Amino acid sequence: MDPLQPDNHHLPSPPLISDRVLINGVVTPLTLTADGELQWTTEPGRGKSTTEKEILSFAVEGNKVRVKTLVERTGSSICCGGSGGDYARKDFVFEPLYDESRKLWCDKLRQRLHSLGRPKRLLVFVNPFGGKKTARKIFLEEVKPLFDDADVQLDVQETKYQLHAKEMVRSMDVSRYDGIVCVSGDGVLVEVVNGLLEREDWRTALKLPIGMVPAGSGNGMIKSLLDPVGMSCSAASATVSIIRGHRRSLDVATIAQGTTKFFSVLMLAWGLVADIDIESEKFRWMGSARFDVYGLQRIICLRQYNGRILFVPAPGFESCGQPASYHLDKESSVGDKTRGYQGPDTNLEDLEWREIKGPFVSVWLHNVPWGAENTLAAPNAKFSDGFLDLIVMKDCPKLALLSLMTKLSDGTHVQSPYVSYLKVKAFVLEPGARIDEEDKEGIIDSDGEVLARGRKSYKCDEKALMSYSKLQITVDQGLATLFSPE
């Protein structure tokens, strides 16, 4: 139902203010209820608009009050945001009959909107290089107009190089902002999280919510946020969810190798998925279609890798794999305790470990359900359950693998007999070489960036954060904070 159309099923609520006003030149009863609804009675029936979902802000225009509202777009409504088309501006204008009444209406509306805890000032990163390089256009045409209508102040920073956002958040004054927004793919989000975790005041900094607006190739995080509530993965939907100000916690995985650490919020991949994700960057101009095109090529020339994985299964998955023991490398427990987050305080050696030995086609860890807008990688993944979803494929005929690729869009690939799908609390990867060419190794990919490059792998001469050898992953439940639709 259009919230500005007559509503014949209105349920009464105690009024904050109720008075007779002029609406379209007609004297009309108007009420603002305690639960935030504006209600009015006109000749056809009743109308309403809610402060929590539809009302962005209000402005005084002479004797009139303009309530800026945003509703789901219908038919001939005026679209508010570029190509998104999900929402329409449909303002409600009324005129109090005397000055004191207008002042009282403004006070009550202001108090109600303030009580919602919405962000007032945001730091916005715009990545002009991601995906099809449309982030600047998306921001100016679809995102900024909505924030302006909601009276949200923006400090906008275009990222100029890789890790620019990370550098900025590592030293920014977090007290100046109510949140950080990334108009990009998932890469800038990962930089922001890592930058916040490297601060001395990381506990305080991580309370600052992070919002995503899709403008890159992957967009897995924002798809994971919007899809469960039936909202499209668009700039308008994402911006509206930030304006509303709801928050949710997010697990953070610590990937460690010796004293080197990387903090992941999306995924880790080795084998087929990593090869597609990283090697397809030569087709970045294609946007998200690059993954499908290069994925087909990689399946036709399928690779398998030797190696071993160890994991601590979540309750209900204790029978997966074979029993194993794990001895923590002494150097991996050594770190600079005076600055930044060092990972969860977990005694890994005391846990019940299991193992699966290769060869492997693919090993994939996921923190959230969607890996990209069209890839439901881990349909059972939760934002803050304290576990990672592990998807393992040891062997698979090429025709069956092609069929599996078509099922990534709805998550039914995990039902295949060629796929093992489980939840883990901790994980160790011991990567090896290709089984057919032992002088060639693979790529370890985390959150869309290369974590490690093996011998004779794609762009193996480029420096990576870690070496192509054993690494461990632990999870800290609900460590980060996101803006969320609900």
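The values are calculated or read from the model by the stated rules, or taken from the named source; none is laboratory data. Everything quoted here is computed from the prediction, not taken from an experiment. Because the Cβ atoms are built from the backbone with ideal geometry, glycine has one as well, and the counts that use them run over all protein chains shown. Accessible surface areas use protein heavy atoms only, side chains included; no ligands, DNA or RNA. Shrake-Rupley method; radii C 1.70, N 1.55, O 1.52, S 1.80 Å.
Count Lys and Arg as plus one, Asp and Glu as minus one, and take only other residues whose Cβ is under 15 Å from that of K463; the net charge is then 0.
Tell me whether region 306-422 comes out rounded, prolate or oblate; compute the Cα gyration tensor, take square roots of the eigenvalues as a ≥ b ≥ c, and use a/c under 1.5 as the rounded threshold. Write down the numbers at each step before the final one.
Details: a/c = 2.22, a/b = 1.58, b/c = 1.40.
It is prolate, given that a/c is not under 1.5 and a/b is the larger ratio.
Inter-label distance, V26 to D155: 4.9 nm, where each label sits 7 Å from its Cα along the C-beta direction. Once you place label points 7 Å from the Cα toward the Cβ at D35 and R284, how far apart are they in nm? For D35 paired with R284, the spin-label model returns 4.9 nm.
For an R0 of 30 angstrom, estimate the FRET efficiency from the Cβ-Cβ distance between Q111 and N380 and round to the nearest 0.05.
According to the calculation, E is roughly 0.10.
Can you classify region 386-486 as rounded, prolate or oblate using the Cα gyration tensor, where a ≥ b ≥ c are the square roots of its eigenvalues, rounded means a/c under 1.5, and otherwise it's prolate if a/b beats b/c and oblate if not? Write out the running numbers ahead of the final one.
Details: a/c = 1.85, a/b = 1.12, b/c = 1.65.
Oblate shape, in that a/c is at least 1.5 and b/c is the bigger or equal ratio.
Looking at region 113-178, the pairs of alpha carbons with a distance over 17 Å make up 49% of the total. Here the spin labels are modelled as points 7 Å beyond Cα on the Cα-Cβ line, and at D439 and K459 they lie 2.4 nm apart.
Give me the extension gain from T406 to K120: residue separation times 0.36 nm, minus the current Cα-Cα distance, reported in nm with one decimal. Don't jump to the answer; show the numbers that get you there.
Numbers: separation 286, 0.36 × 286 = 102.96 nm, distance 4.28 nm.
Separation in residues times 0.36 nm, less the Cα-Cα distance, equals 98.7 nm.
On the beta carbon distance between H164 and R339, with R0 = 30 Å, the FRET formula returns roughly 0.90. Net length available on complete extension from E100 to R136 is 8.6 nm, with 0.36 nm assigned per residue and the Cα-Cα distance removed.
Length gained on full extension, I300 to D148: 49.7 nm, using 0.36 nm per residue less the C-alpha separation. Of the solvent-accessible surface of the chain, computed with a 1.4 Å probe and all protein chains present, 49% belongs to carbon and sulfur. Each 10 Å bin from zero holds the following percent of Cα-Cα pairs in region 93-243: 11, 37, 32, 13, 7, 1. Between E200 and D395, the FRET efficiency estimated from the beta carbon spacing at R0 = 45 angstrom works out to 0.40.
Nearest-5 percent of antiparallel DSSP beta bridges in the chain?
That works out to approximately 85 percent antiparallel.
Bridging of K160 to aspartates and glutamates at a Cα separation below 18 Å is possible for D186, E191, E449, once same-chain residues fewer than 8 apart are set aside.
Quick one: grab the alpha carbon gyration tensor of region 142-181, order the square roots of its eigenvalues as a ≥ b ≥ c, and give me rounded if a/c is under 1.5, else prolate or oblate depending on whether a/b is larger than b/c. Oblate. Taking every alpha-carbon pair in region 225-317 and binning the separations at 10 Å intervals from zero gives 11, 26, 33, 26, 4 percent.
Quick one, what does Rg over Rh come out to for region 158-272 if you take C-alpha atoms and the Kirkwood Rh? Write down the numbers at each step before the final one.
Working: Rg = 14.4 Å, Rh = 15.0 Å.
Rg divided by Rh gives 0.96.
Packing, as the average of other Cβ atoms within 10 Å across residues, places the peptides 254-266, 442-454, 26-38 in the order 442-454, 254-266, 26-38, highest first. Shape summary of the chain, radius of gyration then Dmax from alpha carbon positions: 25.5, 85 Å. Ordering H413, Y177, A464 by Cα displacement along the dipole of the chain toward the positive end leaves Y177 in first place; charges were set at the Cβ atoms of Lys, Arg (+1) and Asp, Glu (-1).
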